[in-house]
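K.L.:
This is the structure I want to talk about, given as structure tokens.
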Amino acid sequence: PERSARVSKVRPPLHQYIRKLLFSDLDKSSIEHVLRQLRKLPWSECEAYLLKCFMKVHRGKYGQIHLIASLTAGLSRYHDDFAVAVVDEVLEEIRVGLELNDFGMQQRRIAHMRFLGELYNYELVDSSVIFDTLYLILVFGHETSEQDVLDPPEDCFRIRMVVTLLETCGHYFDRGSSKRKLDRFLIHFQRYILNKGVLPLDIEFDLQDLFAELRPNMMRYASIEEVNAALVDLEEHERIVNVEKANNEKHSDSEKIPSRTTSGMSVN
Amino acid sequence: MKNRRTKVVVRHLPPTLSQSTLLEQVDSRFAGRYNWFTFRPGKTSLRHQSYSRAYIDFRNTEDVIEFAEFFDGHVFVNEKGTQFKTIVEYAPSQRVPKHWSKKDAR
């Protein structure tokens with residue numbers, strides 16, 4: 001049959017070089033060298049392409065995603081706008097993934113969760129971004145007509161997303177307000193899980209590992225009723241804490257005002 | 001805490017929209033009211049289509065509200081008559097490049 005041979009993509013040399021650095025040269029021992037080479041690039045010419053390659057973390061080895069995050073951190077000293085763009089782009093990818101729920105994108109979506117976690121570890125995003133993302137994963141598209149397409153009952157992919165992100169950076173949420181935030185999230189996560197019903201064994205094992213790692217003493221609720229009751233308790237507790245906080249502030253305010261008047265009066 | 005956010009993302013813009021066209025529309029009402037603007041062009045190919053996107057960091061939180069009232073749900077129509085309904089949201093990461101980003105001496 002008459003058919004033209006498949007034309008392979010010809011990339012400009014600069015793009016080929018960037019790909020060589022990121023997809024074949026990069027490893028633990030070469031990262032300093034790769035960073036230096038990247039800094040030497042003509043940035044105005046290739047920043048957009050570099051961003052595109054950084055988003056292809058799923059092309060490289062899963063265990064090397066932290067190297068790309070490390071490069072982002074290294075470059076942020078000289079090209080802060082690039083580091084900002086990387087973070088914005090990963091968050092957008094995660095969002096688009098939720099909007100499309102395309103089976104073919106799963107490997108890439110998992111790599112992006114890992115990348116976001118590593119960007120947190122390299123201090124390029126703060127914990128509020130991580131928690132906002134975690135809650136977004138639990139609720140996106142729910143209570144809309146699209147729920148059955150975006151997160152069908154038998155689909156456990158979002159559990160994998162949460163597990164991946166928390167495996168990567170959850171161990172840092174072990175004190176102070178981020179500890180409380182993770183405790184709270186994990187109860188919401190448990191409700192999400194219980195709504196899925198019976199889980200495939202591999203997912204259940206991943207979850208057991210995650211809880212053992214992050215919160216070995218946390219209760220795993222057995223039913224929706226139990227977890228709902230726990231959430232009601234939690235909300236009540238948070239409400240009381242907030243009221244106390246507000247009262248304390250009011251109290252300290254009301255102390256200040258009379259003291260000022262008294263001192264004013266004593267002058268008189 | 002939440003109402004101090006000033007960076008927004010404008011999503012679901014037509015893939016073929018150009019930065020200058022969007023900037024013209026933004027500047028017609030919001031010129032001088034933002035510190036930082038960046039545009040990510042979308043793409044149309046046979047297999048994939050991705051929307052264009054923009055990030056804007058406003059000077060004041062009130063400007064964010066006014067911008068959202070103006071642009072959220074705004075419908076762009078491309079040459080073929082396809083409609084694109086814009087979404088305006090707070091950007092999930094509020095980080096903005098530092099202006100004093102030093103020049104790389106390599």
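K.L.:
What is the gain in length, in nm to one decimal, between residue B:21 and residue B:4 on full extension, counting 0.36 nm per residue of separation less the C-alpha to C-alpha distance?
P.N.:
Working: separation 17, 0.36 × 17 = 6.12 nm, distance 2.88 nm.
Residue separation times 0.36 nm, minus the Cα-Cα distance, leaves 3.2 nm.
K.L.:
Let me ask something additional. Which percent of the accessible heavy-atom area of segment A:16-149 goes to carbon and sulfur, probe 1.4 angstrom? Don't jump to the answer; show the numbers that get you there.
P.N.:
Numbers: 2920 of 5930 Å².
Ligands and nucleic acids excluded, carbon and sulfur give 49 percent.
K.L.:
Another question, if that's okay. What does the C-alpha gyration tensor say about the overall shape of segment A:117-244? Classify as rounded when a/c is under 1.5, otherwise prolate if a/b is larger than b/c, or oblate.
P.N.:
Details: a/c = 1.36, a/b = 1.13, b/c = 1.21.
Because its axes are fairly even, with a/c under 1.5, segment A:117-244 counts as rounded.
K.L.:
Could I ask something else about it? As I understand it, the value is the acute angle between the Cα axis of helix A:80-100 and the longest principal axis of the Cα atoms of chain A; what does it come to in degrees, rounded to 10?
P.N.:
Between helix and principal axis, roughly 90 degrees.
K.L.:
Relative to the compact globular guide of 2.2 N^0.38 Å, what is the alpha carbon radius of gyration of segment A:157-200, as a ratio? Don't jump to the answer; show the numbers that get you there.
P.N.:
Values: Rg = 11.4 Å, N = 44, 2.2 N^0.38 = 9.3 Å.
Taking N as the residue count of segment A:157-200, the ratio is 1.24.
K.L.:
To test your reading of the geometry: what angle, between 0 and 90 degrees and rounded to tens, separates the Cα axis of helix B:19-30 from the longest principal axis of chain B?
P.N.:
Around 60 degrees separate the two axes.
K.L.:
Going 7 Å from the Cα of residue A:127 toward and past its Cβ, which residues in segment A:177-191 have a backbone nitrogen under 11 Å from where you end up?
P.N.:
A:177-184
K.L.:
Can I ask one more? Between residue B:48 and residue B:74, with labels modelled 7 Å along Cα→Cβ, what's the label distance in nm to one decimal, could you check?
P.N.:
Inter-label distance under the simple model: 2.7 nm.
K.L.:
May I ask you to evaluate 6.51 cos²θ - 1.76 cosθ + 1.60, the Karplus curve with θ = phi - 60°, for each residue of segment A:61-68 and list the ³J(HN,Hα) values in order in whole Hz, giving x for glycine and proline?
P.N.:
3J(HN,Hα) across segment A:61-68, in whole Hz: 7, 4, x, 9, 4, 5, 5, 5.
K.L.:
Give the separation of the Cα centroids, segment A:97-132 to segment A:186-222, in Å.
P.N.:
Cα centroid of segment A:97-132 versus Cα centroid of segment A:186-222: 20 Å apart.
K.L.:
Also, quick follow-up: Would you please report the Å³ per residue occupied by the convex hull of the alpha carbon atoms in segment A:12-101?
P.N.:
Details: hull volume 9.2 nm³, N = 90.
Each residue corresponds to 102 Å³ of Cα convex hull volume.
K.L.:
Mind checking the dipole of segment A:124-251: about its Cα centre, +1 per Lys or Arg Cβ, -1 per Asp or Glu Cβ, Debye to the nearest 20? Mind dumping the intermediate values first?
P.N.:
Details: 14 positive and 24 negative charges, 111 e Å.
The dipole magnitude comes to about 540 debye.
K.L.:
Moving to a separate point now. Pop out the carbon and sulfur fraction of the accessible area of chain B as a percent, whole number, probe 1.4 Å.
P.N.:
About 50 percent, which is the carbon plus sulfur part of the accessible surface.
K.L.:
While we're here: Name the residues of segment A:76-110 whose accessible area, probed at 1.4 Å, falls by at least 50 Å² once all protein chains are in place instead of their chain on its own?
P.N.:
Buried on complex formation: A:78, A:80, A:84, A:88, A:92, A:95.
K.L.:
Taking all pairs of distinct Cα atoms, average 1/r, flip it, and tell me the Kirkwood hydrodynamic radius of segment A:20-59 in Å to one decimal place. Walk me through the numbers on the way to the answer.
P.N.:
Values: mean 1/r = 0.0933 Å⁻¹.
With all distinct Cα pairs of segment A:20-59 included, I get 10.7 Å.
K.L.:
Based on the Cβ-Cβ distance of residue A:27 and residue A:96, what FRET efficiency does E = 1/(1 + (r/R0)^6) give at R0 = 45 Å, to the nearest 0.05?
P.N.:
Working: r = 30 Å, r/R0 = 0.66.
My answer for the efficiency is 0.90.
K.L.:
What total accessible surface area, summed over both chains, is buried at the interface between chains B and A, computed with a 1.4 Å probe and given in Å² to the nearest 100?
P.N.:
Values: alone 7630 and 16170 Å², together 21890 Å².
Interface between B and A: roughly 1900 Å².
K.L.:
What list of ³J(HN,Hα) values in whole Hz, one per residue of segment A:190-195 in order, does the Karplus curve 6.51 cos²θ - 1.76 cosθ + 1.60 (θ = phi - 60°) give from phi, with Gly and Pro shown as x?
P.N.:
Per-residue couplings from phi come out as 4, 5, 4, 4, 5, 5 Hz.
K.L.:
Same structure, new question: Report the charge-dipole magnitude of chain A in Debye, nearest 20, computed about the Cα centre from +1 at each Lys and Arg Cβ and -1 at each Asp and Glu Cβ. Could you put the intermediate results ahead of the total?
P.N.:
Numbers: 35 positive and 42 negative charges, 267 e Å.
Value, rounded to 20: 1280 debye.
K.L.:
Calculate for the protein assembly as shown the 222 nm mean residue ellipticity that helices alone would give, adding -39,500 (n - 2.57) per DSSP H run of length 4 or more and normalising by residue count, nearest 500 deg cm²/dmol.
P.N.:
Values: 14 runs with 208 residues, N = 374.
So the calculated ellipticity at 222 nm is -18000 deg cm²/dmol.
K.L.:
Then there's this: For the protein assembly as shown, what is the convex hull volume of the alpha-carbon atoms per residue, in Å³?
P.N.:
Working: hull volume 90.6 nm³, N = 374.
Roughly 242 Å³ of hull volume per residue.
K.L.:
Would you please classify the overall shape of segment B:38-85 from the alpha carbon gyration tensor, given that a ≥ b ≥ c denote the square roots of the eigenvalues, rounded means a/c under 1.5, and beyond that prolate means a/b larger than b/c while oblate covers the rest?
P.N.:
Details: a/c = 4.07, a/b = 1.82, b/c = 2.24.
Here segment B:38-85 falls in the oblate category.
K.L.:
With a ≥ b ≥ c taken as the square roots of the eigenvalues of the C-alpha gyration tensor of chain B, please select rounded if a/c is under 1.5 and otherwise prolate if a/b is larger than b/c or oblate if it is not?
P.N.:
oblate
K.L.:
Assuming R0 = 56 Å, can you tell me the calculated FRET efficiency for the pair residue A:233 and residue A:56, based on Cβ-Cβ distance, to the nearest 0.05?
P.N.:
Numbers: r = 45 Å, r/R0 = 0.80.
The calculated FRET efficiency here is 0.80.
K.L.:
Suppose every Lys and Arg Cβ carries +1 and every Asp and Glu Cβ carries -1, with no other charges. What dipole size does segment A:93-158 come out with about its Cα centre, to the nearest 20 debye? Walk me through the numbers before you get to the answer.
P.N.:
Working: 5 positive and 13 negative charges, 52 e Å.
Using Cβ point charges on Lys, Arg, Asp and Glu, segment A:93-158 gives about 240 debye.
K.L.:
Can you give me the accessible area per residue for the protein assembly as shown, using a 1.4 Å probe, in Å²?
P.N.:
About 59 Å² of surface per residue is accessible.
K.L.:
Next up: How large is ³J(HN,Hα), in whole Hz, for each residue of segment B:80-93 in order, when computed from phi with the Karplus curve 6.51 cos²θ - 1.76 cosθ + 1.60 and θ = phi - 60°, using x for Gly and Pro?
P.N.:
8, x, 6, 9, 10, 9, 6, 10, 10, 9, 4, 5, x, 9
K.L.:
List the residues whose amide H sits under 5 Å from the amide H of residue B:36, counting only those 5 or more places along or on another chain, with H placed 1.01 Å from N in the peptide plane.
P.N.:
Result for residue B:36 returns B:57.
K.L.:
Putting +1 on Lys and Arg Cβ atoms and -1 on Asp and Glu Cβ atoms, find which of A:172, A:200, A:161 reaches farthest to the positive end of the dipole of segment A:97-206.
P.N.:
So the residue we want is A:172.
K.L.:
So how tilted is helix B:61-71 from the main axis of chain B? Cα-based, degrees 0 to 90, rounded to 10.
P.N.:
10 degrees
K.L.:
Take the Cα radius of gyration of segment A:37-173 and divide it by 2.2 N^0.38 Å, with N its residue count; two decimals is plenty.
P.N.:
Numbers: Rg = 15.5 Å, N = 137, 2.2 N^0.38 = 14.3 Å.
Output field value: 1.09.
The values are calculated or read from the model by the stated rules, or taken from the named source; none is laboratory data. As the structure is a computational prediction, the values presented were derived from the model and not from experiment. Backbone-built Cβ (ideal geometry, glycine too); neighbour counts: all protein chains shown. Surface accessibility is based on the protein's heavy atoms, side chains included, excluding ligands, DNA and RNA. Shrake-Rupley method; radii C 1.70, N 1.55, O 1.52, S 1.80 Å.
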